[in-house]
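Trainee: Structure in structure tokens, see below.
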Amino acid sequence: MSRWDGWGWKSAPKRPPPEHGIKLKKAGSTWWGQAWLEALERVLGGDSGRLARGRTYARAGRTHDLVVGGSGVTAKVTGSRPRPYVISLKLGRFGEAVWEKALAGMAGQARYAAELLDGRMPQDIDAVFRAAGVSLFPESRKDLTTSCSCPDWGDPCKHVAATHYVLGEALDGDPFLLFELRGRTKAQVLEALRAARGGEAVRARRPATQRAKTQEARARPEVVGVKPGKLTEVNYDQPRAPLPTMSFSFDAPVVPGAVLRQLGAPGSWGAEDSPGEVLAPNVRAAAEVARRIALQEPGDLVEDVGATRTRRRSRKRGGG
């Protein structure tokens, strides 16, 4: 905003940032946050000066009232005018068929589910979406719609740029926001992964009559027929065919307790702590005992398990 003082046009001083403004600290601290910022600069284009002014606005805390939902992103940016500018951003939402393919691809590999359940975005997640014919990150201007109530016709204006940088930092803390912008909430994605990994999605699609027949068949006692053939004392314990080559790994898991988190809490669970929090110490202790037995490492294994249980009881009493 400018005013005439008789000698020329003078720019009015900018209003101070609001107290509840979101001060940008470091956007792009994760690989997916950095990928979002790179997509911003690639898709929006514009001159570097506008993007730089947008970063300055974001660091000063001029962006506020940021709301991320399935319908897009809205925010306000305080500038020189009395009223804050209103900004909206929208990403193209994926259709049902795309999401089915992407979720099937994620469920097909245990590590995808494990990392997502741990709150991290798998490094090659976009390969799953590309196999479904799309990209998780915007690639063209038609995939990203922006608007601002300011009088600047530049695209993007500094207010839109500031909002993008603040959103990038929000994505660092919660990668599921990107899924939500594409049409699926965090709860929907995790539930679909749990169902697919557990086979519940297949059972749910079966007709009721087919499920009833399956349950009836399972209830029947199984009659097992055994034909041992001609066995002697000499060849009794010899394999009838060459055994396949087997290899084992006893490395520690990348994400401890991921399976427990993936299974979730059963319907009858009433404890305040989740099953993962309650069972994880025992699972880790048992895994360590199994590893040391397999590798024939020395040590009193029983004593190690007892020490683990003692430490857990101590933490519950507030002793550590």
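The values are calculated or read from the model by the stated rules, or taken from the named source; none is laboratory data. Just so you know, these numbers come straight off a predicted model, no measurement behind them. All Cβ positions, even for glycine, are placed from backbone atoms using ideal geometry, and neighbour counts span all protein chains on display.
Trainee: Considering only the stretch 192-203, how many residues are over 12 Å from the mean Cα position of the chain (by Cα) and modelled with pLDDT of 80 or more?
Mentor: Final tally of qualifying residues: 3.
Trainee: Here is a check on your reading of the model: is V67 more than 16 Å from E19 (Cα to Cα) and assigned to a strand (DSSP E or B)?
Mentor: Considered against the rule, which asks whether it is more than 16 Å from E19 (Cα to Cα) and assigned to a strand (DSSP E or B), V67 comes out as yes.
Trainee: Output the residue which, of all residues in the stretch 140-154 that are part of a loop (DSSP other than H, G, I, E, B) and loosely packed, with under 14 Cβ neighbours inside 10 Å, is nearest to the chain's Cα centre (by Cα).
Mentor: Among residues in the stretch 140-154 that are part of a loop (DSSP other than H, G, I, E, B) and loosely packed, with under 14 Cβ neighbours inside 10 Å, the one nearest to the chain's Cα centre (by Cα) is S140.
Residue-by-condition table, conditions (1) modelled with pLDDT of 75 or more; (2) in contact with a helix residue (DSSP H, G or I) (Cβ under 9 Å, 6 or more places away or on another chain):
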residue	(1), (2)
A271	yes, yes
P275	yes, yes
A287	yes, no
A290	yes, no
V302	no, yes
T310	no, no
R313	no, no
K316	no, no
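Trainee: (1) crowded, with 20+ Cβ neighbours inside 10 Å; (2) in contact with a Phe, Trp or Tyr (Cβ under 6 Å, 6 or more places away or on another chain); (3) over 12 Å from A161 (Cα atoms): which one isn't true of P122, the others all being true?
Mentor: (1)
Trainee: Can you tell me how many residues within the stretch 94-117 are loosely packed, with under 15 Cβ neighbours inside 10 Å and part of a loop (DSSP other than H, G, I, E, B)?
Mentor: 3
Trainee: Looking at (1) at pLDDT 80 or above; (2) among the hydrophobic types (A, V, I, L, M, F, W, C); (3) not assigned by TED's automatic domain parsing to the domain that holds F176, which is the only condition V68 fails?
Mentor: With respect to (1) at pLDDT 80 or above; (2) among the hydrophobic types (A, V, I, L, M, F, W, C); (3) not assigned by TED's automatic domain parsing to the domain that holds F176, V68 is out only on (3).
Trainee: Residues being aliphatic (A, V, I, L, M), at pLDDT below 85 and either outside the structural domain of L66 (by TED's automatic domain parsing) or in contact with a Lys or Arg (Cβ under 9 Å, 6 or more places away or on another chain) (or both): count how many of those fall in the stretch 1-50.
Mentor: Adding up the residues that qualify gives 5.
Trainee: Then there is this: Hey, any hits in the stretch 81-90 for a residue that's touching a strand residue (DSSP E or B) at 6+ places or on another chain (Cβ under 7 Å), at pLDDT 85 or above and part of a loop (DSSP other than H, G, I, E, B)?
Mentor: yes
Trainee: Exactly one of these conditions fails for T74: (1) in contact (Cβ under 8 Å) with a residue 60 or more places away in the chain; (2) closer than 20 Å to L171 by Cα. Give me its number.
Mentor: (1)
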